[in-house]
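Enquirer: Pasting in a structure now, in structure tokens, and then I'll have a few things to ask.
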């Protein structure tokens, strides 16, 4: 589909208060579709029964229970909703807190923007969940959050329930400011080398370890009943790093080169934490065994390379090669526009690397779900999982595939037919608002002009009467209202 | 003037000796010097806001406070009596967010908002909570007078510049000296979430700014907890480091000062409610213009809102070809409906004028709100009693009731009618008569014969009593 048309549609549908919000029928049957379960093969002419937002049954011969809403998907394909493991949509303000080398105090969850039109646009590309990351300006960046693309819901209802929060790390050129020259007169920020990046990360974890010890000591002494203890200060920068060491927060590390990836694995071992995903990881194919042994996932681009020095060794076989060596691999967008065609990005690994269709689908469904720790609830079409689904008119791995409907928790959040139907209504609403604004601007202009003309005439008027202060007598100026002076009413 | 020149003549050596006598004399002089302390407005229509309208009644003012109000109220013999026939008496209006009396856009303010030198929270970027608006009042701010002439007697005046710009004051819009203006010197701690760092300083993002505020509030809570422990056990605990921000803020928050959180769009409002709950502060949201989208959530939070009367509009010199999103268009169209939505949902709100240059624009903005469905009664409440309640001064401001501060505005009609004129204003029982404005003459035009009157009309269309 022409992306321009889709963009226009998305802008228009964006804020339709009723229509864009999905209804909430508790029981839905999607029937007569080709179902790509990802975990247990494809089902031709199959049905999916959804109850209370969960997948209740999947099979070839399902009957619609009474009162169920039926979605006829004859000739269409249903796949698990796409999960984008690297996204920067739905953020209010900058995605980088770029000043300090360690900006772990900044938290994406504080600034989720449920009104970002890219949520809707990505829904139109079949995406149902996304890992919203801080930018890559710092060796240790801000805290991250996994969201469901529940368009129309407030920020508080976007986070994926139960998903562990994350934190962004970044290695290489971005954190050492290789591609952002420091303006003259400004002191360049440390670090300026890959060595420095490692040092900053190690130093931060040394501080976090000490901080954790302070709190452990305090809590121990307090529990023995010791009085008059002054607690340590809370440090919003170190708290998330302690959570990383406690296994309560995932590390998503932006990286390119093999050497720096190995470096971070060593640093993580030193401080007793695991890197959950290496992001971009363009040289991952060189050290896939080491990444697999470290228990980390690899979330990469399909075929972006050579856009900076550290991206020169990238190859489009990366995802397939990492998969072959046992790395849980995913393909991500890092871009609101590309997120709308992640199905095609995944398909590229069939050409480059020869992945099977099912393994290609895994790159954007089950694998990112595993990487984000949400695979118990998302990533495949299995009974008991959330009904987060994308319905395409063709096989999603085909370039002809266009999303027809996207469901999250069993609710339709994007419906192509509804979108098309609404376009003219929204266009005319927009036009009438524009006209109204234009009219009132003209009226205001006329009013101002009139006032100007009046003020030009006014000086001819006589000045107001002479005024005297009240204590000077009965007068109080030109109003003549005061009827008595002090004591006069007696 | 006489007084002042005499003071100058007193030789310095005698000054100390004379001081006590002199002060006593000044007080006596003020007491006896003709400034009336008792007033009565009779035969007027009275809108007390806190109770039903009195069609023909009297308000008695004694020594700065309202002594009595009602249909049959005895007028004390010493009172100046104003015949209020055809006039309406309202409580003085409250503007719940201004910078009246404060220097604007000065170098100091710019310096405060710059955080480029900071690289982490400990550097306390753009943080000056010790700056108290009440201590910086410039009573020669011409706007004070023009606001008062329009019926405003009280304002929250808020310092700006930076993330923690200082502490705001509630002021009455008249007095002999700056201190007389101040009703509550440390009324609230305003916050801004505007990043200050540029690309190389901290914080340079919204999320960084919020994280910074979180750290400062944590540090403040820590200091409030640690200080008494240290003071009680100085020989057994490490000496506490002194941090001006923690020291000042811990006192402000223990003093239960309001914290003003910026929240204009619906996202900001929802976020503001969440942060207020997380931070356990006595929060008031300011901005509030997209409140129509989240009125129910606001009502549930019980957090009051100061609604900015500078309604959003298309930028004056904006590119006419620029794409306007439907969302922006809807916001500009619907924002004036916010007060209606808030009133319907039961959210307590007040109005503030920040961004509007003149009082006439305030009334135009209020009219847009009433045109969008807000009951005039509710609009009046938002500018009187509800504003006073939100600011924690409902016991002394905002309505015409015995014991309240004598802030009144007397008009010749409905205060929201654009043809209505303000005739008298009382601030702390000080009487001001408002005269019709006469536009300045054109240069070169012949001066009117009556020099005295013309000069008065030009320079000041209000006269105080006994000045």
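The values are calculated or read from the model by the stated rules, or taken from the named source; none is laboratory data. Because the structure is predicted, anything quoted here is derived from the model rather than measured. All Cβ positions, glycine included, derive from the backbone under ideal geometry; neighbour counts span all protein chains shown.
Enquirer: Since residue A:366 meets every condition but one in (1) in contact with a helix residue (DSSP H, G or I) (Cβ under 9 Å, 6 or more places away or on another chain); (2) crowded, with 21+ Cβ neighbours inside 10 Å, which condition does it not meet?
Expert: (1)
Enquirer: Can you find even one residue in region A:348-355 that is touching a residue at least 60 places away in the same chain (Cβ under 8 Å) and either under 25 Å from residue A:113 (Cβ atoms) or out of contact with any helix residue (DSSP H, G or I) (no Cβ under 7 Å at 6 or more places or on another chain) (or both)?
Expert: Step one: of region A:348-355, the residues touching a residue at least 60 places away in the same chain (Cβ under 8 Å) are none.
No, every residue in region A:348-355 fails to be touching a residue at least 60 places away in the same chain (Cβ under 8 Å) and either under 25 Å from residue A:113 (Cβ atoms) or out of contact with any helix residue (DSSP H, G or I) (no Cβ under 7 Å at 6 or more places or on another chain) (or both).
Enquirer: If the requirement is being at pLDDT 95 or above, under 23 Å from the mean Cα position of the chain (by Cα) and more than 10 Å from every other protein chain (Cβ to nearest Cβ), which of these qualifies: B:371, B:395?
Expert: B:395
Enquirer: Taking the residues in region B:223-251 that are within 8 Å of another protein chain (Cβ to nearest Cβ) and in a helix (DSSP H, G or I) as candidates, determine which candidate is surrounded by the fewest Cβ atoms within 10 Å (Cβ to Cβ).
Expert: B:232
Enquirer: I've got another one for you. Can you give me the number of residues within region A:182-228 that are within 30 Å of residue A:309 (Cα to Cα) and assigned to a loop (DSSP other than H, G, I, E, B)?
Expert: Of the residues in region A:182-228, 12 are within 30 Å of residue A:309 (Cα to Cα) and assigned to a loop (DSSP other than H, G, I, E, B).
Enquirer: Checking residue A:69 against (1) in the same structural domain as residue A:297 (by TED's automatic domain parsing); (2) touching a residue at least 24 places away in the same chain (Cβ under 8 Å); (3) surrounded by fewer than 24 Cβ atoms within 10 Å (Cβ to Cβ), which single condition isn't satisfied?
Expert: Among (1) in the same structural domain as residue A:297 (by TED's automatic domain parsing); (2) touching a residue at least 24 places away in the same chain (Cβ under 8 Å); (3) surrounded by fewer than 24 Cβ atoms within 10 Å (Cβ to Cβ), residue A:69 violates only (1).
Enquirer: Is it the case that some residue within region A:151-163 is more than 13 Å from every other protein chain (Cβ to nearest Cβ) and under 28 Å from residue B:198 (Cβ atoms)?
Expert: The answer is no, given that none of the residues of region A:151-163 is more than 13 Å from every other protein chain (Cβ to nearest Cβ) and under 28 Å from residue B:198 (Cβ atoms).
Enquirer: Taking the condition at pLDDT below 95, part of a helix (DSSP H, G or I) and either within 13 Å of chain B (Cβ to nearest Cβ) or surrounded by 14 or more Cβ atoms within 10 Å (Cβ to Cβ) (or both), does residue A:429 pass? Full working, then the answer.
Expert: Working: at pLDDT below 95: no; part of a helix (DSSP H, G or I): yes; either within 13 Å of chain B (Cβ to nearest Cβ) or surrounded by 14 or more Cβ atoms within 10 Å (Cβ to Cβ) (or both): yes.
No.
Enquirer: Please work out if residue A:90 is buried (at least 20 other Cβ atoms within 10 Å of the Cβ), under 27 Å from residue A:151 (Cβ atoms) and either in the same structural domain as residue A:250 (by TED's automatic domain parsing) or at pLDDT below 95 (or both).
Expert: Taking the combined requirement at face value, the residue satisfies it.
Enquirer: I would also like to ask the following. Any residue at all in region A:356-379 that's part of a strand (DSSP E or B), touching a strand residue (DSSP E or B) at 6+ places or on another chain (Cβ under 9 Å) and at pLDDT 95 or above?
Expert: Restricting attention to region A:356-379, the residues satisfying the condition of being part of a strand (DSSP E or B) are none.
Checking region A:356-379: not a single residue is part of a strand (DSSP E or B), touching a strand residue (DSSP E or B) at 6+ places or on another chain (Cβ under 9 Å) and at pLDDT 95 or above.
Conditions tested, residue by residue: (1) part of a loop (DSSP other than H, G, I, E, B); (2) under 25 Å from residue B:297 (Cβ atoms).
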residue: B:314; (1), (2): yes, no
residue: B:318; (1), (2): yes, no
residue: B:332; (1), (2): no, yes
residue: B:343; (1), (2): no, yes
residue: B:380; (1), (2): no, no
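Rundown of residues vs (1) within 14 Å of another protein chain (Cβ to nearest Cβ); (2) part of a strand (DSSP E or B); (3) modelled with pLDDT under 50; (4) more than 18 Å from residue A:413 (Cβ to Cβ), yes/no style:
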residue	(1), (2), (3), (4)
A:8	yes, no, yes, yes
A:11	yes, no, yes, no
A:15	yes, no, yes, no
A:19	yes, no, yes, no
A:23	no, no, yes, no
A:28	no, yes, no, no
A:44	no, yes, no, yes
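Results for (1) closer than 16 Å to residue B:264 by Cβ; (2) within 14 Å of chain A (Cβ to nearest Cβ), shown as yes or no for each residue.
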site: B:306; (1), (2): yes, no
site: B:309; (1), (2): yes, no
site: B:320; (1), (2): no, yes
site: B:330; (1), (2): yes, yes
site: B:341; (1), (2): yes, yes
site: B:344; (1), (2): no, no
site: B:348; (1), (2): no, no
site: B:352; (1), (2): yes, no
site: B:356; (1), (2): yes, no
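Enquirer: Sticking with this one: From the set of residues in region A:133-143 that are within 11 Å of chain B (Cβ to nearest Cβ) and part of a strand (DSSP E or B), which is surrounded by the fewest Cβ atoms within 10 Å (Cβ to Cβ)?
Expert: Ranking the candidates gives A:143 first.
Enquirer: Here is a follow-up. Can you find even one residue in region A:94-106 that is away from chain B (no Cβ under 14 Å) and either over 30 Å from residue B:212 (Cβ atoms) or out of contact with any helix residue (DSSP H, G or I) (no Cβ under 7 Å at 6 or more places or on another chain) (or both)?
Expert: No - not one qualifying residue is present in region A:94-106.
Enquirer: Look through B:284, B:273 and report the one residue that is assigned to a strand (DSSP E or B), closer than 30 Å to residue B:310 by Cα, touching a helix residue (DSSP H, G or I) at 6+ places or on another chain (Cβ under 7 Å) and assigned by TED's automatic domain parsing to the domain that holds residue B:301.
Expert: Going through B:284, B:273 in turn, the sole match is B:284.
Enquirer: Among residues belonging to region A:63-93 that are part of a strand (DSSP E or B) and closer than 23 Å to residue A:180 by Cα, point out the one that is nearest to the other protein chains (Cβ to nearest Cβ).
Expert: A:91
Enquirer: Given (1) in contact (Cβ under 8 Å) with a residue 60 or more places away in the chain; (2) within 10 Å of chain A (Cβ to nearest Cβ); (3) buried (at least 20 other Cβ atoms within 10 Å of the Cβ), where does residue B:260 come up short, assuming only one miss?
Expert: (2)
Enquirer: Select from region B:173-209 the residues that are surrounded by fewer than 24 Cβ atoms within 10 Å (Cβ to Cβ) and part of a helix (DSSP H, G or I) and write down the one among them that is nearest to the other protein chains (Cβ to nearest Cβ).
Expert: B:206
Enquirer: Hey, could you check region A:107-117 for residues that are more than 7 Å from chain B (Cβ to nearest Cβ) and part of a helix (DSSP H, G or I) and say which is farthest from residue B:276 (Cα to Cα)?
Expert: Going residue by residue through region A:107-117, those that are more than 7 Å from chain B (Cβ to nearest Cβ) are A:109, A:112, A:116-117.
If we keep only those that are part of a helix (DSSP H, G or I) too, we end up with A:109, A:117.
Working: A:109: 15, A:117: 27 Å.
Checking each candidate, the answer is A:117.
Enquirer: Residue B:220 versus (1) in contact (Cβ under 8 Å) with a residue 40 or more places away in the chain; (2) more than 9 Å from every other protein chain (Cβ to nearest Cβ); (3) touching a helix residue (DSSP H, G or I) at 6+ places or on another chain (Cβ under 6 Å): which is the lone unmet condition?
Expert: Of (1) in contact (Cβ under 8 Å) with a residue 40 or more places away in the chain; (2) more than 9 Å from every other protein chain (Cβ to nearest Cβ); (3) touching a helix residue (DSSP H, G or I) at 6+ places or on another chain (Cβ under 6 Å), only one is false for residue B:220: (1).
Enquirer: Being closer than 17 Å to residue A:163 by Cβ and within 14 Å of chain B (Cβ to nearest Cβ) is the filter here, so list the residues in region A:231-276 that pass it.
Expert: Hit for region A:231-276 is A:240, nothing else.
Enquirer: Turning to a different aspect of this structure: Would you be able to tell me the number of residues in region A:378-406 that are on the phi > 0 side of the Ramachandran plot and either outside the structural domain of residue A:60 (by TED's automatic domain parsing) or surrounded by 17 or more Cβ atoms within 10 Å (Cβ to Cβ) (or both)?
Expert: 1
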